[in-house]
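Notes to accompany the following structure.
Just so it is clear, none of the values below were taken in a lab; they were calculated from the coordinates. Predicted, not measured: the structure shown is a model, and the values here were computed from it. Counting neighbours? That spans all protein chains shown, and the Cβs are built from the backbone with ideal geometry, glycine included.
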Amino acid sequence: MEHFDEVVTADDVRLADVRSFLARMKGAERFRGRYYVAATAGTTGRPGVFVWDADEWAGILASYSRP
């Protein structure tokens, strides 16, 4: 997560903003009304933060249903 802001290609996505959103997120809200976000539990010391647009999220969900 150290270089998150450097590698994310969307100008409106910054790690501090995503973390803040996750802390107050309720239900199926989307970050910036557009992105699906999730974080790991952080058992390695720091939670991983992940951001997907609608097309990417559909691919994630489809991967769960593969046999």
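Computed values, structure above
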| item | result |
| --- | --- |
| Percent RCO, i.e. relative contact order, over the chain, from Cα pairs under 8 Å lying at least 6 residues apart | 22 |
| Correct choice for Cα extents along the principal axes in Å that was computed from the model, options [x] 43, 25, 18; [y] 35, 29, 26; [z] 37, 24, 21 | [y] |
| Acute angle (nearest 10 degrees) that the helix 15-24 long axis makes with the longest principal axis of the chain, alpha-carbon atoms | 70 |
| Simple spin-label estimate for D12 and R24 in nanometres, 7 Å along Cα-Cβ | 1.7 |
| Point-charge dipole on Cβ atoms (K/R +1, D/E -1) for the chain, about Cα centre, debye to 20 | 380 |
| 0 to 90° range, to nearest 10: angle between helix 54-64 axis and the chain longest Cα axis | 60 |
| Estimated distance in nm for a label pair at A39 and S65, the labels positioned 7 Å out from Cα along Cα-to-Cβ | 3.0 |
